[in-house]
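Structure first, then comments.
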Amino acid sequence: GRCCGDAQLETIAATCPALASLDIDGCSRITTAGVAAALSKLSKLAHLSLADCPSVSLSAVRDSDRGNYKTLGFRRLAHLTEACVCLLAELPPLEALDLSESGGVTDMTVACLIKTHGR
C-alpha cells in the first residue's frame, strides 16, 4: 500500500527472486530507481502492475532489459509519456497492457503499439 517504499521493495526482490507476479499499485513512496533495482533481481517476473505509483515512470520497466513480461499494468501512471510507451513496443508481444486513465496515451501512442504488437 501507500507505506511501502524502495527499501521494502528491494527486500522483496532480494528474498523472492523467483517471484512471477508483482502488484505494487498505490505505493506512493516507490520510485523509478527502486522499481528498476527490484526488476534487476526478478528475472522470472512475468506480471507487473504499477498503477497509481506517482513517483514511477515506465523507464524502470524499459531499462530492465528483460523480455519475458506477459502483462503490464500502468493505470493512472503519472509519468507516462508517448516516447516511453513507444519504447515499450520493443518488448516481445504482451498478453495484456493497461494504460487506462494515463494522460500520456495518445492516438500516436496507440498506433505505435498496434504497429508493433497488432495482429
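The values are calculated or read from the model by the stated rules, or taken from the named source; none is laboratory data. Keep in mind it's a predicted model, so treat the numbers as computed, not measured. The accessibility values were calculated without ligands, DNA or RNA, using every heavy atom of the protein model including side chains. Shrake-Rupley method; radii C 1.70, N 1.55, O 1.52, S 1.80 Å.
Go through the stretch 7-49 and give me each residue that's open to solvent by 50 Å² or more (accessible area, probe 1.4 Å), assigned to a helix (DSSP H, G or I) and not aliphatic (A, V, I, L, M).
Gln8, Glu10, Thr11, Thr15
Residues of the stretch 57-74 being hydrophobic (A, V, I, L, M, F, W, C) and at pLDDT below 85, which ones?
Leu58, Ala60, Val61, Phe74
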